[in-house]
Amino acid sequence: MRIDAASYQRVLGDELRRVRKQRGWTRKELRHHLDSEISLQTLATYELGTRQCSVVRLAELCVALDVLPHDVLARVHDRVFSNERPGHIRVNLTRVADDSQPELLPLRRWATDRLQQAPVGQPAEVHLDLAALEQMAELCGIDTVELIGRLRALNNNVP
């Protein structure tokens, strides 16, 4: 497995920005929660993925954001390598919960429940393996291949 450093850094920055915004904080507010001096420009470059973030700085940002660094890195890893997980489909829970296709009602209820139970900082995405997809398709009364197609369309925001 090859790691594209620029892509990984971009996704890490996106994840840090997502957690900060989920807290309802501006970069300035985040800076006030940090122990060390850091410029707003530096925070911006971390979030944009244009500057590499050291492990110590990542830990400091995570402590300030009240998230575990290994959870952040696990989400980054999943996003970067999601296409390399054979037999898994990425499911955007928010898009499923907001969808209005009548056949997907059981899936919509499941997604809504998962979102309501998710802890703060938890991404609105899950990966389902083939066995889970087969069970979901059966609950929805549709073919597994059709369900996979619909989930991919939702992930890509296709009507």
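Under the 0.36 nm per residue contour assumption, what length would be gained going from the current alpha-carbon distance of Ser36 and Val145 to full extension?
Details: separation 109, 0.36 × 109 = 39.24 nm, distance 5.13 nm.
Fully extending the segment from Ser36 to Val145 adds 34.1 nm.
Divide by every residue of the chain the summed helix terms, -39500 (n - 2.57) for each DSSP H run of at least 4, and state the resulting mean residue ellipticity at 222 nm, rounded to the nearest 500 deg cm²/dmol. Don't jump to the answer; show the numbers that get you there.
Values: 9 runs with 101 residues, N = 159.
When only DSSP H runs of four or more count, the value is -19500 deg cm²/dmol.
What accessible area per residue comes out for the chain, rounded to a whole number of Å², with a 1.4 Å probe?
Numbers: 9540 Å² over 159 residues.
Result: 60 Å² of accessible area for each residue.
To the nearest 10 degrees, how steeply does helix 105-117 sit against the main Cα axis of the chain, on a 0 to 90 scale?
30
Please report the carbon-and-sulfur percent of the accessible area for the chain; probe 1.4 Å, protein heavy atoms only, DNA, RNA and ligands left out.
Values: 4870 of 9540 Å².
So the carbon and sulfur contribution to the accessible surface is 51 percent.
Relative contact order (percent) for the chain, with alpha-carbon contacts under 8 angstrom and 6 or more residues of separation? Let's see the in-between values first.
Details: 151 pairs, mean separation 34.2, N = 159.
Result for the chain is 22 percent.
Which shape class applies to the range 16-67: rounded if a/c is under 1.5, otherwise prolate when a/b exceeds b/c and oblate if not, where a ≥ b ≥ c are the square roots of the Cα gyration tensor eigenvalues? Before the final figure, lay out the partial values.
Numbers: a/c = 1.28, a/b = 1.16, b/c = 1.11.
It is rounded, given that a/c, with a ≥ b ≥ c, falls under 1.5.
Packing-wise, with mean Cβ within 10 Å as the measure, how do 25-37, 41-53 rank, highest first?
Values: 25-37: 12.9, 41-53: 16.7.
Ranking the peptides 25-37, 41-53 by packing returns 41-53, 25-37.
Figure the gain on full extension for Ser7 and Ala153 (residue separation times 0.36 nm, minus the Cα-Cα span) and round it to one decimal in nm.
Working: separation 146, 0.36 × 146 = 52.56 nm, distance 2.35 nm.
Value of the extension gain: 50.2 nm.
Can you give the Rg to Rh ratio for the chain, taking only C-alpha atoms and Rh from Kirkwood? It would help to have the intermediate numbers written out before the result.
Numbers: Rg = 17.9 Å, Rh = 17.3 Å.
Answer for the chain: 1.04.
Can you figure out the FRET efficiency of Gln22 with Leu130, using R₀ = 25 Å and their beta-carbon distance, to the nearest 0.05?
Working: r = 31 Å, r/R0 = 1.24.
So, using R0 = 25 Å, E works out to roughly 0.20.
For the chain, take the longest principal axis of its alpha carbons; what is the angle in degrees between that and the long axis of helix 144-155, to the nearest 10 within 0 to 90?
Taking the Cα atoms of the chain, the angle to 144-155 is about 30 degrees.
The values are calculated or read from the model by the stated rules, or taken from the named source; none is laboratory data. Here the structure is a predicted model, which is why all the values come from computation and not from measurement. Neighbour counts run over all protein chains shown; Cβ positions are idealised from the backbone, glycine included. We work out accessible area using only protein heavy atoms, side chains counted, and drop any ligands, DNA or RNA first. Shrake-Rupley method; radii C 1.70, N 1.55, O 1.52, S 1.80 Å.
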